[in-house]
Amino acid sequence: MMKSIWSAGTELPRFKKLDRDIRTDVLVIGGGITGILCAWALGQKGVRCTVAEARRICSGVTQNTTAKITVQHGLIYDRLIRRFGSEKAALYLKANQNALEKYREACAGIDCSFEEKDAFVYTREHPDRIEREVHAYGALGYPADASGKLSLPFPTAGAVRVPGQAQFDPLRFLRGIAGPLEIYEDTPVLEMLSPHQARTPDGIITAKKIIAATHFPFINKHGFYFLKLYQARSYVLALENAADVQGMYIDEAQGGFSFRNAGGLLLLGGGGHRTGKAGGGWTTLRQAAAQFYPQASETFHWAAQDCMALDGVPYIGRYAPTTPDFYVATGFNKWGMTSAMAAALILRDLICGEENPCAAVFDPSRSILHPQLAVNAFETAVDFLTPTLRRCPHLGCALKWNPQEHSWDCPCHGSRFSENGVLLDNPATGNMK
């Protein structure tokens, strides 16, 4: 079934469509987990927030996660220390630890299958990378160790184990906090009339502050996000009668597999690729499942879309230096659950005028001089010049057919459309012409 286990098992509350002009303190554009958490966190400070969602809340990327909450984002800390220094790496770690603790506190009163699990990044070929990452955790004062024996169906060359991380059911959690919020569904923001006004089909929303929580930012005249981001697809199978792996696992290498259990099922992830490019998808996962768990049967399958930042650090803060009252949260690099909460806490403090030492690490205006910038620019140029009738309405790039998902995908910025041209994923804001 092309549906995640979260969306198959949870009915979310419904909210009415905006049908008039309104005023609010903070407008949050986007009703996924990031937007809802931003409104929830600001509401706890007494700030009136209004969420405008183009379709239904959590109907996009949020429902297609593997739902891990962890400070362990691949082999990131050795890389952060070498690129930015120990101080900024420690602040990145602190922001995500704050997010984990906030989830632990918030989930205590919500039936959302929150449970602590150890998180592992394993390697099949590079034990030296594991050793460096364990050393990086030690330098930052965070508990982690090298683990040799893992509950995986193949031999490994080692792993970094971080204890006390978590997993949960994101839709049941969001159902528990969304009800009291001021949310309008079926209310797409069509354009920004000014830094404080957004136009929807049936009303104008005027706000003192605005947050773009739309996964990929859709306003191109500020921030250069069309150069600073690209999008990637990843795939998941839910398997019955498979193993209990006793933790959350991810391969440090591109093209590897992730494992974790939920609701008696094993979630096997992998087969990823840049959106609009060829990749293994569910075919790769089904071949792996047949090899590793021949007695298992597939009950669900789904795919996720992730925004990838130039340097592996999300963009959280002011949308651009010239937009002091306009904020953004994007580029979560496949770690959307933890990063969404980290973003909500950072943006809450920025908007309320409170100091947050972690904010500087995620500043969207930091340097974009990174090798990935050249790759993104090259991909955009090539696909813009590719002759084809099917073009993305975002910036005019050529669309490519995705045979796994039967969709037209944009290799430049990741917009996706159904076979009939209906918009599936942004940054495009309308259907394919």
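The values are calculated or read from the model by the stated rules, or taken from the named source; none is laboratory data. Remember, it's a predicted structure, so these values are computed and weren't measured experimentally. Backbone-built Cβ (ideal geometry, glycine too); neighbour counts: all protein chains shown. SASA here: full protein model, heavy atoms, side chains in, ligands and nucleic acids out. Shrake-Rupley method; radii C 1.70, N 1.55, O 1.52, S 1.80 Å.
Could you check how much of the accessible area of the chain is carbon and sulfur, as a whole percent, using a 1.4 Å probe? Ligands and nucleic acids excluded, carbon and sulfur give 52 percent.
Separation of region 237-308 from region 372-433 is 25 Å, based on Cα centroids. Taking 4.7 Å between beta carbons as the limit, the unpaired Cys residues of the chain are CYS38, CYS49, CYS58, CYS107, CYS112, CYS307, CYS352, CYS358. Packing, as the average of other Cβ atoms within 10 Å across residues, places the peptides 60-67, 142-149 in the order 60-67, 142-149, highest first. Its residues counted as N, region 127-176 yields a C-alpha radius of gyration over 2.2 N^0.38 Å of 1.53. Within the straight-line cut-off of under 17 Å between alpha carbons, the lysines reachable from LYS433 are LYS400, sequence neighbours fewer than 8 places apart in one chain being disregarded.
Taking 21 Å as the limit for the C-alpha separation, the pairs LYS16/LYS334; LYS94/LYS221; LYS17/LYS334; LYS3/LYS68 exceed it in the case of LYS16/LYS334; LYS94/LYS221; LYS17/LYS334. Computed on the Cα atoms alone, the convex hull of the chain gives a volume of 134 cubic angstrom per residue.
Comparing LEU152, LEU229, LEU268 in a Gaussian network model of the chain, where Cα atoms under 10 Å apart are tied by springs, the biggest mean-square fluctuation is seen for LEU152. Of the trypsin sites (Lys or Arg not before Pro) in region 36-79, the ones in a loop by DSSP (not H, G, I, E or B) with at most 16 other beta carbons within 10 Å are LYS45, ARG48, ARG55, ARG56.
Secondary structure note: in the chain, about 70% of the DSSP beta bridges are antiparallel.
Over all pairs of different C-alpha atoms, region 185-256 has a mean inverse distance whose reciprocal, the Kirkwood radius, equals 16.7 Å. Computed with a 1.4 Å probe over protein heavy atoms only, the accessible surface of the chain comes to 41 Å² per residue. Computed over the chain, the per-residue total of -39500 (n - 2.57) for DSSP H runs of n ≥ 4 gives a 222 nm mean residue ellipticity of -8500 deg cm²/dmol, rounded to 500.
Given R₀ = 22 Å, what would the calculated FRET efficiency be for ALA157 paired with ARG82, taking r from the Cβ atoms and rounding to 0.05? Once the sixth-power term is evaluated, E becomes 0.55.
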